[in-house]
1. Residues ARG17, ARG64: which one is among the charged types (D, E, K, R) and under 11 Å from the mean Cα position of the chain (by Cα)?
2. Quick test for you: out of SER32, SER43, SER15, pick the one residue that is modelled with pLDDT under 95 and polar (S, T, N, Q).
3. Those residues that are within 20 Å of ALA5 (Cβ to Cβ) and among the charged types (D, E, K, R), I need them from the stretch 17-69; list them, please.
Amino acid sequence: MVIKAHKNPLFVEDSVRMMLNNFHDKYNGKLSDNAVITSRVDSFESIHPHNAFAESTATFSDLRGWFEK
């Protein structure tokens, strides 16, 4: 997993977007439109004086709007 992550670095917001897209693909048709999904990534930086994080909370209806275009 670590080697794969190093070969394909992502910004934290891209990681959150990818998780939500994968969640949408896996659970589409299995959850109601008003189901709420929260996705969060924390990146503990070793070379920067700060950490990075991204978080998104959305309904399944929102995910459909984002990923079914």
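1. Details: ARG64 fails: under 11 Å from the mean Cα position of the chain (by Cα).
Of ARG17, ARG64, the one residue that is among the charged types (D, E, K, R) and under 11 Å from the mean Cα position of the chain (by Cα) is ARG17.
2. Matching residue, one of SER32, SER43, SER15: SER43.
3. Within the stretch 17-69, ARG17, ARG40, ASP42, GLU45, GLU55 meet the criteria.
The values are calculated or read from the model by the stated rules, or taken from the named source; none is laboratory data. In this text, all values refer to a predicted model and were calculated from it rather than measured experimentally. Note that each Cβ is placed from the backbone with ideal geometry, even for glycine, and that neighbours are counted across all protein chains shown.
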